[in-house]
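Student: I have a structure here, written as structure tokens, and I will follow up with some questions on it.
The values are calculated or read from the model by the stated rules, or taken from the named source; none is laboratory data. Bear in mind that the values here come from a model prediction, so they are computed numbers and not experimental data. Here the Cβ is made from the backbone with ideal geometry for all residues, glycine too, and neighbour counts use every protein chain on show.
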Amino acid sequence: MTKLTFIAHDGTHFDVDAENGSTVMENAIRNAVPGIEAECGGACACATCHVY
């Protein structure tokens, strides 16, 4: 299992255990990371989730 760390705009860290075979966005949604809207469901069409 892979560990991911999401950092919110306010600096809060969210450490999650990512499921193998799933996307970064799917793991963010699954773990209720704030700021990841993913309105298009992961089709890269709406720009409501960002990775920097």
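Student: If the requirement is being touching a residue at least 24 places away in the same chain (Cβ under 8 Å) and either surrounded by 10 or more Cβ atoms within 10 Å (Cβ to Cβ) or within 12 Å of the chain's Cα centre (by Cα) (or both), which of these qualifies: Val51, Val16?
Tutor: Details: Val16 fails: touching a residue at least 24 places away in the same chain (Cβ under 8 Å).
When all the criteria are applied, what remains is Val51.
To keep it simple, each residue is scored yes or no on (1) touching a helix residue (DSSP H, G or I) at 6+ places or on another chain (Cβ under 8 Å); (2) at pLDDT 80 or above; (3) hydroxyl-bearing (Ser, Thr, Tyr).
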{"position": "Met1", "(1), (2), (3)": "no, yes, no"}
{"position": "Thr5", "(1), (2), (3)": "no, yes, yes"}
{"position": "Asp10", "(1), (2), (3)": "no, yes, no"}
{"position": "Asp17", "(1), (2), (3)": "no, yes, no"}
{"position": "Met25", "(1), (2), (3)": "no, yes, no"}
{"position": "Pro34", "(1), (2), (3)": "no, yes, no"}
{"position": "Gly41", "(1), (2), (3)": "no, no, no"}
{"position": "Thr48", "(1), (2), (3)": "no, no, yes"}
{"position": "Val51", "(1), (2), (3)": "yes, no, no"}
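Student: Tell me yes or no: at least one residue of region 12-21 is in a loop (DSSP other than H, G, I, E, B), in contact with a Lys or Arg (Cβ under 8 Å, 6 or more places away or on another chain) and at negative phi. Steps first, answer last, please.
Tutor: Filtering region 12-21 for residues in a loop (DSSP other than H, G, I, E, B) gives 12, 19-21.
Narrowing the set further to residues that are in contact with a Lys or Arg (Cβ under 8 Å, 6 or more places away or on another chain) leaves 19.
The next check asks that each one be at negative phi; those that pass are 19.
Looking through region 12-21, at least one residue is in a loop (DSSP other than H, G, I, E, B), in contact with a Lys or Arg (Cβ under 8 Å, 6 or more places away or on another chain) and at negative phi.
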